[in-house]
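Nothing in this text is a laboratory measurement; each read-out follows from the coordinates by a stated rule. Note that the structure is a prediction, hence the values are computed from the model and not measured. Note that we place each Cβ from the backbone using ideal geometry, even for glycine, and neighbour counts take in every protein chain shown.
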Amino acid sequence: MADVLAEKASPAAGPAYKRVLLKISGEALMGPQQFGLHPPTVERIAGQVVALHDLGVEICLVIGGGNVFRGLQGSAQGMERTTADYMGMLATVMNALAMQSAVETLGLPTRVISAIPMDEVCEPYIRRRAVRHLEKGRVCIFAAGTGNPYFTTDTAATLRASEMSCDAIFKGTQVDGVYDSDPKKNPDAKRYDRVSYDIVLQKNLKVMDASAIALARDNGLPIIVFSLDEPCGLAGIVKGEGRFTIVEPG
Ligand code: UDP
């Protein structure tokens, strides 16, 4: 498995990427709960972020909001769709603040940068300012998605990764890569080590939504899908260790 990233780096040589974007869903922060934030889980992920930063990697973070609110759920219950989407975006701001607190408790400076200005709470998104934060070694946590309804935080992750000139997107999930069907339901599900953007789109593989995949393809951004429970941690994955799937040109 390690040979997939080994073309760019080996564990001995250090990380393959200088600047990355980590995308995690809001649900990844729920831990064993059905809703909301599970502080030990948030702290564990914060620890993985700090370990990666210790390798000298610049880090952007995008966290979803599905542990609190999803626009589609709200609209299914009769709420106006765009209002529901704004509620979803606000949920991502709460998650971003929780992660900021956990990472800074471990001694690493961060900035929460929101696509929807809320000056008393966090910074507004100004691209050049965010780049400067990264250069100074601060973790940039991008909140409120793209700031627009009808999008997801996957698309926001791809957008910010492109704007910040990240080398790759790391998508932390509950499974160790991309499968052709749900491995929790189908024991014969086939796992990919590598897969192209076009196959992901054609087969509707569950990586990110289609607009996010298309944006990553058009900007040549590899997407590395890995498990947040991977024993080598995010830092190991970025060095090419452990199990993951890389989504890249065909
Ligand atoms: N959302 C949005 N525009 C964006 C990003 C997010 O409207 O650019 C809303 C949308 O309602 C979405 C919710 O915020 O359902 C939470 O984001 P997402 O579903 O991507 O979170 P995740 O599944 O990653 O936890």
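A few points about this structure:
- Of all residues in segment 129-151 being assigned to a loop (DSSP other than H, G, I, E, B) and touching a helix residue (DSSP H, G or I) at 6+ places or on another chain (Cβ under 6 Å), the one that is farthest from residue 64 (Cα to Cα): 149
- Subset tally (residues that are surrounded by 19 or more Cβ atoms within 10 Å (Cβ to Cβ) and either closer than 25 Å to residue 71 by Cα or within 13 Å of the ligand (Cβ to nearest atom) (or both)) for segment 152-175: 16
- Options 242, 233: the member that is on the phi > 0 side of the Ramachandran plot and in contact with an Asp or Glu (Cβ under 6 Å, 6 or more places away or on another chain): 242
- Here residue 86 clears all of (1) closer than 19 Å to residue 165 by Cβ; (2) within 10 Å of the ligand (Cβ to nearest atom) except the condition numbered (1).
- Filter result for residue 75 (of a type outside the set (A, V, I, L, M) and within 11 Å of the ligand (Cβ to nearest atom)): yes
- Take the conditions (1) of a type outside the set (Lys, Arg); (2) buried (at least 19 other Cβ atoms within 10 Å of the Cβ); (3) within 14 Å of the ligand (Cβ to nearest atom); residue 147 misses just one of them, which is (2).
Residue-by-condition table, conditions (1) among the β-branched types (Val, Ile, Thr); (2) in contact (Cβ under 8 Å) with a residue 40 or more places away in the chain:
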{"position": "106", "(1), (2)": "no, yes"}
{"position": "111", "(1), (2)": "no, no"}
{"position": "135", "(1), (2)": "no, yes"}
{"position": "140", "(1), (2)": "no, yes"}
{"position": "149", "(1), (2)": "no, yes"}
{"position": "158", "(1), (2)": "yes, yes"}
{"position": "174", "(1), (2)": "no, yes"}
{"position": "178", "(1), (2)": "yes, yes"}
{"position": "192", "(1), (2)": "no, yes"}
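- Scoring residue 195 on the criteria (1) under 24 Å from residue 41 (Cβ atoms); (2) assigned to a strand (DSSP E or B) leaves a single failure, condition (1).
- If you go through segment 199-235 and pick out every residue that is in contact with a Gly (Cβ under 9 Å, 6 or more places away or on another chain), more than 23 Å from residue 181 (Cα to Cα) and touching a residue at least 12 places away in the same chain (Cβ under 8 Å), you end up with 2.
- Qualifying positions in segment 21-43 - in a helix (DSSP H, G or I), within 14 Å of the ligand (Cβ to nearest atom) and out of contact with any His (no Cβ under 8 Å at 6 or more places or on another chain): 26, 27, 28, 41, 42
Listed here are the residues, each with its yes/no results for (1) at positive phi; (2) surrounded by fewer than 17 Cβ atoms within 10 Å (Cβ to Cβ).
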site: 111; (1), (2): no, no
site: 118; (1), (2): no, yes
site: 177; (1), (2): yes, no
site: 186; (1), (2): no, yes
site: 191; (1), (2): no, yes
site: 209; (1), (2): no, yes
